[in-house]
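Asks: The structure's right below; bear with me while I get my questions together.
The values are calculated or read from the model by the stated rules, or taken from the named source; none is laboratory data. Since we're looking at a predicted model, the values are computed, not measured. Here Cβ is always computed from backbone atoms with ideal geometry, including for glycine, and neighbour counts include all displayed protein chains. Only protein heavy atoms, including side chains, enter the accessible area calculation; ligands, DNA and RNA are left aside. Shrake-Rupley method; radii C 1.70, N 1.55, O 1.52, S 1.80 Å.
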Amino acid sequence: HGAAARRRGRIAAGPGLVVALLVVASAFPQASVARFCSVGFVGAPLRQNPRARSCLGRKGLHRPAPRIARAASEAEADDTSSSDAEQWVKAGYVVAGVAAVGLIDCAYLTLVKLGQAPLICPAGSDSSLEASCSQVLNSPWASVGGVPLPIFGLAAYLAVPILTLASGADWPERSELWWLCFAMALASLGLMAVLLLVLKAACPFCAISAFTSATLLVLVEMGKARKFGSEARRGVLALSLAVASGAAGAAVPSTPGEESFVTLTEKYKPEHPPVRSPSSAAEVALAKHLAAIGAACYTAWWCPHCQEQRENFGFEGVKFAPFVECSLESRRQNDFCKEKDISGYPTWIINGDRYPGGRELSELAAISGFTDFPEDAFKPRDDAVTDYVWR
């Protein structure tokens, strides 16, 4: 009876010991569990006890991954994640550095447009290139609503590093950064088309800005694709290539024609090129009236808008009109115009009031109170007359 009771006790205690063994297995290293299982359950050899065989696989003891191994694996994963984040931050520095090139470029062009810095083209020894730069920066395309176009570029190039560096390793996920770079590249493509097809002039500074915007779009697009495990879109890369190609074409000046304004300014500097159109009696009378009341029109010899304003008076009237030259031969503003705080050309000052930009003669007559001739006596010049100014 005693032996039978002991056998029944062993069978009854078996399930409880299985649970206890599982608890031990979760709390101790594999070596301890192996030694425990080798003893068996309640003195029975391990391989002779069917309830204990769950500890074994087909080839022996099942060894769950120890906590140290799991911790090492997690630490390795954390190191990999930290390394990836560091690489993305460094890539963000590259994006910010490229944007800094465009920022400096647009800042300089802004100062030139505001008359606070002289225009010095990268190939300063090439006078035709410098005149070509001047033609572009003083064309109607160089401003939007009276605001110099480089100011918009300055703001855009400033926003790119701010968005990039503020996002850390997550900058490729910023959709507003991508759209900003896309808009900049699209605007640059339009401006390159104007340079090459409309103005037909070179502008190395404009080319630098366009190439910078194309590079930024490629970097942001590639970063976004890699971050999300996809491929860069071909259409976006094609746009960047088109902008870069346009920039290459805009950086090289074409040979201007003999009658172009670029050639004429180089020929007559620091004086204005000769006015070609004849004057009417009304135009001569208005020129004398403006001079008599102390009005003044501040101009620069290299400014196409100023030449167009002079053409409005004709070659006789321009002799009496109160034009004041502000630019030295080096294209720097002279001290007199600095004292007058002239920031753009042409600028009219009539009866103490400023009127920036070119004006029709009928408007000047109304502003200055000239009534000797009716308004319809002042006829605007045909485009054919001033076409050389924008050629």
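Asks: If we count every other residue with Cβ under 15 angstrom of LYS319's Cβ, Lys/Arg +1 and Asp/Glu -1, where does the sum land?
Replies: -2
Asks: When a/c reaches 1.5 or more, the comparison of a/b and b/c decides; with that in mind, is the stretch 265-315 rounded, prolate or oblate per its Cα gyration tensor?
Replies: Oblate is the answer for the stretch 265-315, as a/c is 1.5 or above yet b/c matches or exceeds a/b.
Asks: Turning to a different aspect of this structure: Counting Lys +1, Arg +1, Asp -1, Glu -1, what net charge surrounds SER343 among other residues with beta carbon under 13 Å of its beta carbon?
Replies: Working: positive: LYS113, LYS338, LYS340, ARG354; negative: GLU339, ASP341.
With Lys, Arg at +1 and Asp, Glu at -1, the neighbours total +2.
Asks: If you don't mind, another one. Using a/c under 1.5 as the rounded threshold, could you call the stretch 312-352 rounded, prolate or oblate? The axes a ≥ b ≥ c are square roots of the C-alpha gyration tensor eigenvalues, and prolate needs a/b larger than b/c, oblate otherwise.
Replies: Because a/c hits 1.5 or more and a/b fails to exceed b/c, the stretch 312-352 counts as oblate.
Asks: I've got another one for you. What FRET efficiency would be calculated for the residue pair ALA292, ILE104, taking the C-beta separation as r and a Förster radius of 45 Å, to the nearest 0.05?
Replies: 0.45
Asks: Express in nm, to one decimal, how much length is gained between MET222 and SER343 on full extension, taking 0.36 nm for each residue of separation and deducting their alpha carbon distance.
Replies: 39.4 nm
Asks: Given the pairs LYS200/LYS288; LYS113/LYS319; LYS267/LYS319; LYS90/LYS200; LYS269/LYS338, which are separated by over 32 angstrom at their Cα positions?
Replies: LYS200/LYS288; LYS90/LYS200
Asks: For the stretch 162-176, what does the Karplus curve 6.51 cos²θ - 1.76 cosθ + 1.60, with θ = phi - 60°, yield as ³J(HN,Hα) per residue in whole Hz, taken in order and with x for Gly and Pro?
Replies: Residue by residue, the stretch 162-176 yields 5, 5, 5, 6, 5, 8, x, 6, 9, 4, x, 8, 7, 5, 5 Hz.
Asks: Taking 0.36 nm per intervening residue step and subtracting the Cα-Cα distance, what contour gain separates SER82 from LYS319 on full extension?
Replies: Result for the pair: 77.9 nm of gain on full extension.
Asks: What shape does the stretch 177-253 have by the C-alpha gyration tensor, where a ≥ b ≥ c are the square roots of the eigenvalues, rounded means a/c under 1.5, and otherwise prolate means a/b greater than b/c and oblate the rest? Walk me through the numbers on the way to the answer.
Replies: Values: a/c = 2.76, a/b = 2.67, b/c = 1.04.
It comes out prolate by the Cα gyration axes.
Asks: Take the alpha-carbon centre of the stretch 341-391, take the same for the stretch 130-183, and report the distance between them in whole Å.
Replies: Centre-to-centre distance over Cα atoms comes out at 33 Å.
Asks: A follow-up question, please. Along the stretch 350-360, what does the Karplus equation 6.51 cos²θ - 1.76 cosθ + 1.60 (θ = phi - 60°) give for ³J(HN,Hα), rounded to whole Hz, x for Gly and Pro?
Replies: These are the phi-based 3J(HN,Hα) values: 10, 6, x, 9, 9, 9, x, x, x, 10, 5 Hz.
Asks: Here's something else I'd like to know. Which value, in Å² and to the nearest 10, is the accessible area of VAL147 when all protein chains are kept and the probe is 1.4 Å?
Replies: Probe radius 1.4 Å; accessible area of VAL147 about 50 Å².
Asks: Run the dipole for the stretch 182-290 about the Cα centre, Lys and Arg Cβ at +1, Asp and Glu Cβ at -1, nothing else charged, and hand back the magnitude in debye, nearest 20.
Replies: I would put it at about 440 debye.
Asks: Right, here's the next one. Report the extension gain between TYR355 and LEU196 in nm, rounded to one decimal, defined as 0.36 nm multiplied by the number of residues separating them, less their alpha carbon distance.
Replies: Extending this stretch completely gives an extra 54.1 nm.
Asks: OK, next. What nm distance separates the two modelled labels at ARG381 and LEU241, each placed 7 Å from Cα along Cα→Cβ?
Replies: Result: 4.4 nm between the two label points.
Asks: So what's the net charge close to VAL218: Lys and Arg +1, Asp and Glu -1, counting the other residues with Cβ under 13 Å from its Cβ?
Replies: With Lys, Arg at +1 and Asp, Glu at -1, the net is +3.
Asks: Still on this structure, please answer the following. Residue by residue through the stretch 177-187, what is 3J(HN,Hα) from phi via Karplus (6.51 cos²θ - 1.76 cosθ + 1.60, θ = phi - 60°)? Round to whole Hz and write x for glycine and proline.
Replies: Along the stretch 177-187, the couplings run 5, 5, 5, 5, 5, 5, 5, 5, 5, 5, 5 Hz.
Asks: Follow-up. Give the ranking of GLU176, GLU283 by solvent-accessible surface, highest area first, calculated with a 1.4 Å probe.
Replies: Sorted descending by solvent-accessible area, the residues read GLU176, GLU283.
Asks: Now for a different question. Per residue, how large is the accessible surface of the stretch 298-389? Use a 1.4 angstrom probe and give square angstrom.
Replies: 50 Å²
Asks: Roughly how much of CYS206 is accessible, in Å² to the nearest 10, using a 1.4 Å probe?
Replies: Per-residue accessible area (CYS206): approximately 30 Å².
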